[in-house]
Amino acid sequence: MIHYDQVGNGRSTHLPDKPPEFWTVQLFLDELASLVDTLESRTATWCSASLGGMLGAEHATLRPPGLRGLVIADSPAAMSLWAGARRAPGRPAARGGRHAACPREAGTTDSEAYHEAMRVFYDRHVCRVVPWPDEVARTFAAIDEDPTVVSRR
């Protein structure tokens, strides 16, 4: 089993100075193809989660040689559907108010209100264990430290 964090995430290379247009689906597909070539992986079953699930699905549509199967866990079927659900009019905010606009579009992802709303989202949809296990807490601390890819999606 190989655990892979796409560029800009986890322990992979972070590129915080890259402009938003740098972060494309094609970039992630090219990185994945490079990994497969480097590992000389000829036959594999992929397990992809979160953004990786969408990347895995996109990769699978290319019908790469050797892909035997794909397991998608904890991932939306399409980013547009996920983003639409997160921006649904009248969706309750963390303190019972209403979201006026998508914080990423409004450029307010560094606000306390945004972080509080994301924590509610994570608590409900990412990890319901209280307190968070160390590895979950470390992951979100790393995202807070370098949100390059998260804030560019």
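Every read-out reported here was derived from the displayed coordinates using simple, explicitly stated rules and does not represent laboratory data. Given the structure is predicted, the values throughout are model-derived calculations rather than measurements. Positions of Cβ are backbone-derived with ideal geometry, glycine not excepted, and every protein chain shown enters the neighbour counts.
Observations
- Across region 1-74, counting alpha-carbon atoms alone, Rg and Dmax equal 12.4, 37 Å.
- Cleavage-rule hits (trypsin sites (Lys or Arg not before Pro)) in region 113-149: DSSP loop, at most 12 neighbouring Cβ within 10 angstrom: ARG128
- Computed FRET value (nearest 0.05) for ASP37 with ASP5, which takes r as the C-beta separation and R₀ as 22 Å: 0.80
- Dipole size of region 1-74 about its Cα centre, with +1 on Lys/Arg Cβ and -1 on Asp/Glu Cβ: approximately 260 debye, rounded to the nearest 20.
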